[in-house]
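Worksheet: the structure to be examined is printed underneath.
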Amino acid sequence: MIVRDVMSRNPVYVAPETSLTEAKAIMVKKNISKLPVIDKNDKIIGIITKNDLAKAGPSEATTLDMYEIGYLLSKLTVEKVMTKKVVSVSENEVVEEAARIMVDNQIGCLPVIKDDIMVGIVTESDLFHLFTDMFGARHNGVRVTLITDDKPGQLAEIAKKIADLKGNIVSVVTREAQDPGNRRITIKATGITINQMKTILAECNDIVEDIRVV
C-alpha cells in the first residue's frame, strides 16, 4: 500500500500572513490540529500546529486580560511561529516508510508532494485507520497471536488448514519475534471456532501467545 491510498486529499491550509487567531479558529471549525502553510507560489513553507499556537500565547502568569491577548494574537501571523523545516513525502512512497519517517522525526503528519505541489497530507489518524483495517478490527472472528518457525511454508500450512475447514482469513500481520529464528504472527479468521483454531495450531506445533474471539 502506498501513501496515495491512505492520505487525506485537499487538506486545509493557510497562507503565511494568516493570523494566529484565524488559524486557531480554522483548527477548531475543521477539528484538526495541524495546518500546512502555503505561499503564493503554491509551495509549502511550513507547518503550524496547536502546540505552536499554545507556545505563542502568553504564559499563565501574564497580567494581560483576554481582550489584550486576543488583540496580540490577531496581529501575530503563522509565519512567525510555524515550523519551517517541513518533512514531506511523495505520494508514491510506501505507507510503512511514511510511518517510519513520522516516528523517527517525532512528527504527527507528513505533507504529500507531487511535482513540488502539496496534493494531500498523511496524519497519525490516517495511519490509525489503516492499522484498524489491517488487523480486521471491524470483523468478528477468532484472533490468534502465535510464534512459529521463520521459514518458508509455515503460514501457508496454517492458511490451508483454515481453508479446509471453510474458514476465511480476514487479517494476517507478522513481525519479528525475540528469537531471530522465529516469527510472531497475528491471524484473524471467520467461519471457524476457537477450538478448531486451537487444533490447527497444535497440529502445526506453533506456540500460542494469545487466542480469543473478538
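The values are calculated or read from the model by the stated rules, or taken from the named source; none is laboratory data. Keep in mind that this is a model prediction, so the values were computed, not measured. Quick reminder, even Gly has a Cβ in these numbers, built from the backbone with ideal geometry, and neighbours come from all protein chains shown. Remember, those area values only see protein heavy atoms, side chains included, never the ligands or the DNA or RNA. Shrake-Rupley method; radii C 1.70, N 1.55, O 1.52, S 1.80 Å.
Here are some notes:
- With both labels modelled 7 Å from their Cα along Cα-to-Cβ, the ASN92 to ASN10 distance reads 2.6 nm.
- The chain, relative contact order [Cα under 8 Å, separation at least 6], %: 20
- Estimated translational D of the chain in µm²/s (Stokes, Kirkwood radius over Cα pairs; 25 °C; 0.890 mPa s): 119
- Toward the positive end of the charge dipole of segment 71-169, with +1 on the Cβ of Lys and Arg and -1 on the Cβ of Asp and Glu, the farthest Cα among VAL142, VAL95, LEU165 is that of VAL142.
- Counting only residues at least eight positions apart within a chain, or on another chain, the aspartates and glutamates with an alpha carbon under 20 Å from that of LYS166 are GLU157, GLU203.
- Pairwise label distance in nanometres, ASP42 with ASP149, each label 7 Å out on the Cα-Cβ vector: 5.7
- With R₀ fixed at 30 Å, the C-beta to C-beta distance from ARG138 to ILE101 puts the FRET efficiency at about 0.65.
- Formal net charge of residues neighbouring VAL28 (Cβ-Cβ distance under 12 Å; K, R +1; D, E -1): +3
- All C-alpha to C-alpha distances of segment 74-115, sorted into 5 Å bins beginning at zero, yield P(r) values of 5, 20, 26, 18, 13, 10, 6, 2, 0 percent in whole numbers.
- Solvent-accessible area per residue, Å², over the chain with all protein chains present [probe radius 1.4 Å]: 62
- For the chain, adding -39500 (n - 2.57) for each run of n ≥ 4 DSSP H residues and dividing by the number of residues yields -10500 deg cm²/dmol at 222 nm.
- Largest-first ordering by accessible area, 1.4 Å probe, given options THR83, THR148, THR77: THR83, THR77, THR148
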